[in-house]
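Below is one structure; the comments refer to it alone.
The values are calculated or read from the model by the stated rules, or taken from the named source; none is laboratory data. This is a predicted model, so every value here is computed, not measured. Ideal geometry is used to build each Cβ from the backbone, glycine not excepted, and the neighbour counts take in all protein chains shown. Protein only, heavy atoms only, side chains kept; ligands, DNA and RNA dropped before computing areas. Shrake-Rupley method; radii C 1.70, N 1.55, O 1.52, S 1.80 Å.
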Amino acid sequence: MNAPHDPQPSTTAFAALLTAEGTALLDAVRDVEPAAELAVATRLRRDHPADLVSAALAQARLRQRAVAKFGAGDAARMFFTPNGVEQSTRASVATYRAERFKELGVRRIADLCGGIGGDALALARAGIEVVAVDRDPLTCAVARANAAALGLEDLIEVREADVTEVDTAGYDAVFVDPARRGGGQGGARRSPSLRGGGRATGGRIFDPEAYSPPLSWAVAAARKAPRAALKIAPGIPHEAVPEEAEAEWISDGGDVKEAVLWFGTDAPGSHRATLLPSRATLCAGRATMLPDPAVRPVGRYLYEPDGAVIRAHLVAEVAARVEGGLVDETIAYVTSDVARTTPYASAYEITDQLPFNVKKLKALLREREVGVLTVKKRGSAVEPEELRRKVKPRGPRSATVFLTRVAGAPTMLVGHPAPAPAEDG
């Protein structure tokens with residue numbers, strides 16, 4: 001949610017930031033720390049309008065927040081709104097998607113629901129001509145400013161319009177990124193398991209027909225274009241994915257960032273998990289996906305599939321690569337007696353298996369002199385920090401404990417990251 005001190009600016013206030021005086025103020029407040037804001041604002045208001053000083057300080061805060069998504073170099077030159085920082089695509093993901101469009105032969109694209117221009121910038125950097133459409137005047141002004149700030153205005157046209165009224169005929173592709181947040185709304189989903197899931201948080205909307213515009217409209221728009229990509233929430237029900245779409249789940253640094261429905265690719269009806277920054281990709285046709293692996297006793301190694309693999313329902317494909325099975329039919333932990341390196345899962349060597357018992361775990365960690373404890377969980381209600389406080393690890397060694405279920409029973413698995421063997425095939 002937006003911070004209370006970062007309201008959406010007015011179009012007039014934003015325009016003032018683009019003047020020579022506004023630009024100078026932005027330079028002056030670029031590195032101001034939060035604790036110094038009041039003193040800096042008081043000093044600057046002696047020579048500049050109070051509203052402009054406030055807008056410059058707010059923009060500086062937004063630029064600092066945007067570094068995580070856009071990198072320090074671009075974030076320092078770009079312009080943002082609170083909603084724009086929160087909802088825009090991470091640059092690494094946008095770049096990957098833009099390059100997929102380029103590989104598909106796309107040269108001109110309609111970017112519908114373009115926001116502050118994050119995706120348009122990545123598309124333009126890939127050499128693709130973009131018409132970015134959004135109905136909000138301020139958002140459009142920010143997108144234009146960003147195209148100019150990064151020297152991409154010749155490739156990006158920003159159009160203020162209702163996306164449902166835009167004629168996309170003549171474009172090589174369309175990209176739709178519907179709004180998926182609203183007023184604290186949300187809903188329950190299944191708990192994390194073999195088939196993914198979680199609980200709605202942060203005002204996100206999980207019903208695809210509650211998107212703005214609805215997913216059904218976006219799919220209809222995609223079907224009219226030679227190529228298309230629809231950005232959707234990673235938790236979309238698989239039954240909501242059109243049969244002709246390629247569904248791709250993307251993670252970055254181990255965190256699942258989004259799902260994309262692709263139309264017009266050479267893999268219709270498939271599920272794909274793509275892991276950034278390596279760009280390793282695992283794909284299986286909907287009709288040829290392997291059945292869920294069998295449950296088996298915990299072996300020497302435990303494999304933790306990447307979240308994108310779980311969301312794509314490709315855990316069985318990972319299990320086959322490591323010659324393993326599941327520790328429990330509802331838990332996406334794979335166990336095996338062999339060591340394999342795969343980009344799609346993290347491997348751990350298991351040294352101990354205990355029924356859930358905090359006292360026994362504490363005694364074991366004390367005996368092993370474990371002071372650095374990593375706690376992971378799937379299928380357990382215990383919070384990692386709560387367990388760490390109770391066992392009070394002390395010592396020079398490190399370990400990882402997995403709180404999970406094994407064949408239905410609450411279990412603790414203790415181990416450490418496995419050394420890397422030869423690559424899998």
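Which of the residues that make up region 338-391 are in contact (Cβ under 8 Å) with a residue 60 or more places away in the chain and among the small types (Gly, Ala, Ser)? So that I can check it myself, show each step before the final result.
Step one: of region 338-391, the residues in contact (Cβ under 8 Å) with a residue 60 or more places away in the chain are 339-344, 346-354, 376, 378-379.
Of everything in region 338-391, those that are in contact (Cβ under 8 Å) with a residue 60 or more places away in the chain and among the small types (Gly, Ala, Ser) turn out to be ALA339, SER346, ALA347, GLY379.
From the list ALA294, ALA267, which residue is more than 19 Å from GLY235 (Cα to Cα), at pLDDT below 95 and not charged (D, E, K, R)?
Just a single option satisfies the conditions, and that option is ALA267.
Could you list, in sequence order, the residues of region 68-89 that are of a type in the set (Lys, Arg) and part of a helix (DSSP H, G or I)? Break it down into steps so the answer makes sense when it comes.
As a first pass, look at region 68-89 and keep what is of a type in the set (Lys, Arg): 69, 77.
Once the filter is applied, which keeps residues that are of a type in the set (Lys, Arg) and part of a helix (DSSP H, G or I), region 68-89 yields only LYS69.
Could you check region 116-148 and list, in sequence order, the residues that are aliphatic (A, V, I, L, M), part of a loop (DSSP other than H, G, I, E, B) and within 20 Å of TYR171 (Cα to Cα)?
Residues of region 116-148 aliphatic (A, V, I, L, M): 116, 120-124, 126, 128, 130-133, 138, 141-143, 145, 147-148.
Okay, now just the ones that are also part of a loop (DSSP other than H, G, I, E, B), so 116, 126, 128.
Within region 116-148, ALA126, ILE128 qualify.
For the list (1) outside any strand (DSSP E or B); (2) among the aliphatic types (A, V, I, L, M); (3) touching a helix residue (DSSP H, G or I) at 6+ places or on another chain (Cβ under 6 Å), I need the number of the one condition that ALA420 fails.
ALA420 satisfies every listed condition except (3).
Which of the residues that make up region 226-257 are within 19 Å of LYS102 (Cβ to Cβ) and open to solvent by less than 20 Å² (accessible area, probe 1.4 Å)?
ALA228, ALA229, LEU230, LYS231, GLU246, GLU248, ILE250
Return the only residue of ASP136, ASP74, ASP154 being open to solvent by 50 Å² or more (accessible area, probe 1.4 Å), closer than 27 Å to GLY22 by Cβ, modelled with pLDDT of 95 or more and of a type outside the set (Phe, Trp, Tyr).
On the way: ASP136 fails: modelled with pLDDT of 95 or more; ASP74 fails: open to solvent by 50 Å² or more (accessible area, probe 1.4 Å).
Step by step, each of ASP136, ASP74, ASP154 is checked, and only ASP154 is open to solvent by 50 Å² or more (accessible area, probe 1.4 Å), closer than 27 Å to GLY22 by Cβ, modelled with pLDDT of 95 or more and of a type outside the set (Phe, Trp, Tyr).
Please go through region 7-47 and pick out each residue that is part of a loop (DSSP other than H, G, I, E, B) and at pLDDT below 95.
Within region 7-47, PRO7, GLN8, PRO9, SER10, ARG30, ASP31, VAL32, GLU33, ARG45, ARG46, ASP47 qualify.
Which condition from (1) open to solvent by less than 30 Å² (accessible area, probe 1.4 Å); (2) part of a helix (DSSP H, G or I) is the one that SER92 breaks?
(1)
Taking the criterion of being open to solvent by 50 Å² or more (accessible area, probe 1.4 Å), part of a loop (DSSP other than H, G, I, E, B) and either touching a helix residue (DSSP H, G or I) at 6+ places or on another chain (Cβ under 7 Å) or modelled with pLDDT under 95 (or both), would at least one residue in region 333-348 satisfy it?
Within region 333-348 (the criterion being open to solvent by 50 Å² or more (accessible area, probe 1.4 Å), part of a loop (DSSP other than H, G, I, E, B) and either touching a helix residue (DSSP H, G or I) at 6+ places or on another chain (Cβ under 7 Å) or modelled with pLDDT under 95 (or both)), the answer is yes, since at least one residue qualifies.
So, in region 330-374, how many residues would count as being closer than 27 Å to ILE250 by Cβ and either touching a His at 6+ places or on another chain (Cβ under 8 Å) or not aliphatic (A, V, I, L, M) (or both)? Full working, then the answer.
Here is the first cut: in region 330-374, the ones closer than 27 Å to ILE250 by Cβ are 330-336, 340-348, 374.
Subset that is either touching a His at 6+ places or on another chain (Cβ under 8 Å) or not aliphatic (A, V, I, L, M) (or both): 330, 333, 335-336, 340-344, 346, 348, 374.
Summing the residues that are closer than 27 Å to ILE250 by Cβ and either touching a His at 6+ places or on another chain (Cβ under 8 Å) or not aliphatic (A, V, I, L, M) (or both) in region 330-374 gives 12.
Residues of region 258-306 being among the small types (Gly, Ala, Ser) and surrounded by fewer than 21 Cβ atoms within 10 Å (Cβ to Cβ), which ones?
GLY264, ALA267, GLY269, SER270, SER278, ALA280, ALA284, GLY285, ALA287, ALA294, GLY299
Can you find a residue that is assigned to a loop (DSSP other than H, G, I, E, B), modelled with pLDDT under 90 and hydroxyl-bearing (Ser, Thr, Tyr) anywhere in region 209-225?
Looking for residues that are assigned to a loop (DSSP other than H, G, I, E, B), modelled with pLDDT under 90 and hydroxyl-bearing (Ser, Thr, Tyr), one finds at least one in region 209-225, hence yes.
Determine whether SER216 is without any contact (Cβ under 8 Å) to a residue 24 or more places away in the chain and open to solvent by 40 Å² or more (accessible area, probe 1.4 Å).
In short, yes.
Would it be correct to say that VAL372 is open to solvent by less than 60 Å² (accessible area, probe 1.4 Å), of a type in the set (Val, Ile, Thr) and under 32 Å from the mean Cα position of the chain (by Cα)?
Judged against the criteria, VAL372 is not a match.
Which one is farthest from the chain's Cα centre (by Cα), of the residues in region 396-412 that are of a type in the set (Gly, Ala, Ser) and part of a strand (DSSP E or B)? It would help to see each step written out before you state the result.
Of region 396-412, the ones of a type in the set (Gly, Ala, Ser) are 398-399, 407-409.
Next, from what is left, pick out any that are part of a strand (DSSP E or B): 398-399, 409.
Details: SER398: 29, ALA399: 28, ALA409: 32 Å.
Filtering first and then ranking leaves ALA409.
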